[in-house]
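Right, one structure below, let's go through it.
None of the figures in this text is laboratory data; all of them are computed from the coordinates on show. Remember, it's a predicted structure, so these values are computed and weren't measured experimentally. Reconstructed Cβ throughout: ideal geometry from the backbone, glycine too, with neighbour counts over all protein chains shown.
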Amino acid sequence: MKILVTGGAGFIGSNFIHQILQQYPGDEIVNYDLLTYAGNLENLKRVEDDSRYSFVQGDICNREALQDAARGVDAIVHFAAESHVDRSIYSSDEFLQTNIIGTQTVIDVVRELQIPKLVHISTDEVYGDVKAPEKSHENSRIYPSSPYSAAKAGSDMLVIAAIRTHQVPAMITRGSNNYGPFQFPEKIIPLFITNAMTDNYLPLYDGGTQIRDWLYVADHCSGIDTVLRKGKIGEIYNIGAEQYPEITNEQLTHMILELVGKEKHLIKPVQGLRPGHDQRYSLNAAKLRALGWQPSVTIEEGLKRTVQWYQENQDWWERVKSGAYQEYYKKHYR
Ligand code: NAD
Ligand code: TYD
């Protein structure tokens, strides 16, 4: 299968590309990515000489460039997005442009070139927070809290409308919070690991009582691959670890400190940086499990692997954390 991946230089996209090339010797990948602050070709060093892999730098909002890159592919797996809640609260323009206009452009290109399959990568955040013990199902209410999740919900609606109006052969996945290698250190897990390693404070928001359904990135990628190969056109699939017992951000922070070997005094409680902070996400992923998928990495094992990866790849995140990122960090955390 020849697959065009949008946003393949980001965290999940690069893990997906590694996984596909390793698992399917006959597959080819075109990686189409704008290389924003979150895109990093270093994530793909291991495959850059693989003849089955190619990279095109481009914006998903640029219809002609995307068409040129997508000609002849069997499927598009659409990861490209602005992905960070905190940044969307500061300024949402790029979120609307890439996540909404960009997704409509991807849909248009799928129609124009008659590409046989589109997998649109969305998030559990479109459901907003859910009270325990409820879980979000694929048909649960869409009730986003942040500009990020609202823009993702908008992109889902455009895909659903394209399926209904134009019979675009699309599917949607809604994954829960991911973690693992190559994650940009603005999200809580890599931020706290790298801050702890350098004896910097861990800014724990709003008492740390919030709950996320942490999914190891390789499990998310295998879930997306299951949808790509076995999913039914027109359907939506949740991809969640369905972690039990659930863990709070505070518990997660303690686990990270323990693995890095640092003390709790590094935790700095902060308030007010995340207005509209969702309390709890929880997914029901039975529909995807029925296709034969299941997550294979526990949070304990996944965190161990992740901490080890950041310890072994300090050059990678030190480069990422330098330059423009420092300005963002200083401004955001003052
Ligand atoms: P990321 O921020 O690490 O990477 C995004 C990638 O998209 C970057 O390589 C960036 O350069 C590229 N990009 C951004 N704007 C673009 C544009 N206009 N044109 C082309 N490329 C562009 O994001 P991620 O964490 O890997 O998330 C990937 C997808 O998965 C997103 O759609 C996100 O909403 C979704 N998702 C993420 C998580 C998570 O926990 N990270 C969970 C569920 C779903
Ligand atoms: P984050 O990793 O930004 O992902 P998302 O907002 O998409 O869920 O945040 C995960 C949780 O961690 C969320 O409840 C906010 C919290 N958090 C902190 O406590 N401190 C931080 O510095 C960050 C970035 C997040």
Helix 249-260 versus the longest principal axis of the chain: what angle, 0 to 90°, nearest 10, using Cα atoms?
-> 80 degrees
On a 0 to 90 degree scale, rounded to 10, what angle separates helix 217-230 from the longest Cα axis of the chain?
-> 20 degrees
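Step through the table entries Lys131/Lys268; Lys264/Lys304; Lys117/Lys232, compare each Cα-Cα distance with 20 Å, and write down the pairs that go over it. Walk me through the intermediate numbers first.
Values: Lys131/Lys268 27 Å; Lys264/Lys304 18 Å; Lys117/Lys232 10 Å.
Among Lys131/Lys268; Lys264/Lys304; Lys117/Lys232, the Cα-Cα distance tops 20 Å for Lys131/Lys268.
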Sum -39500 (n - 2.57) across every DSSP H segment of at least 4 residues in the chain, then divide by the residue count to get the 222 nm mean residue ellipticity, nearest 500.
-> -11500 deg cm²/dmol
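Decide, for the chain, between rounded, prolate and oblate: order the square roots of the alpha carbon gyration tensor eigenvalues as a ≥ b ≥ c, take rounded if a/c falls under 1.5, and otherwise choose prolate if a/b is larger than b/c, else oblate. List each step's numbers first, then the result.
Numbers: a/c = 1.56, a/b = 1.37, b/c = 1.14.
Since a/c reaches 1.5 and a/b is larger than b/c, the shape of the chain is classed as prolate.
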Global form of segment 234-278, assessed from the alpha-carbon gyration tensor, a/c cut-off 1.5 | oblate
In cubic angstrom, how much convex hull volume per residue do the alpha carbon atoms of segment 65-109 span?
-> 67 Å³
Please work out whether segment 273-322 counts as rounded, prolate or oblate from its C-alpha gyration tensor, where a ≥ b ≥ c are the square roots of the eigenvalues and a/c under 1.5 means rounded, while otherwise a/b larger than b/c means prolate and anything else oblate?
-> oblate
Find the eigenvalues of the gyration tensor of the Cα atoms of segment 181-254, then list the square roots of 5 times those eigenvalues as equivalent ellipsoid semi-axes, largest first, in whole angstrom.
-> 30, 15, 9
Can you tell me the 0 to 90 degree angle between the C-alpha axis of helix 299-312 and the longest principal axis of the chain, rounded to 10?
-> 90 degrees
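With Rg and the Kirkwood Rh both taken from Cα atoms, where does Rg over Rh land for segment 68-138?
Taking Rh as the inverse mean 1/r over Cα pairs, Rg/Rh reads 1.07.
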Starting from the exponent 0.38 and prefactor 2.2 Å, build the expected Rg for segment 70-195 from its residue count and divide its actual Cα Rg by it.
-> 1.12
Once you've got the Cα coordinates, tell me which of Lys187/Lys330; Lys2/Lys230; Lys2/Lys287; Lys187/Lys331; Lys187/Lys321; Lys230/Lys287 are over 18 Å apart.
-> Lys2/Lys287
Checked against the positive end of the charge dipole of the chain (+1 on Cβ of Lys and Arg, -1 on Cβ of Asp and Glu, about the Cα centre), the farthest of Tyr143, Gly208, Tyr179 is Tyr143
Would you kindly compute the Cα radius of gyration of segment 211-334 and its largest Cα-Cα separation (Dmax), both in Å?
-> 17.6, 51
In whole angstrom, the spacing between the Cα centers of segment 272-334 and segment 18-54 equals 21 Å
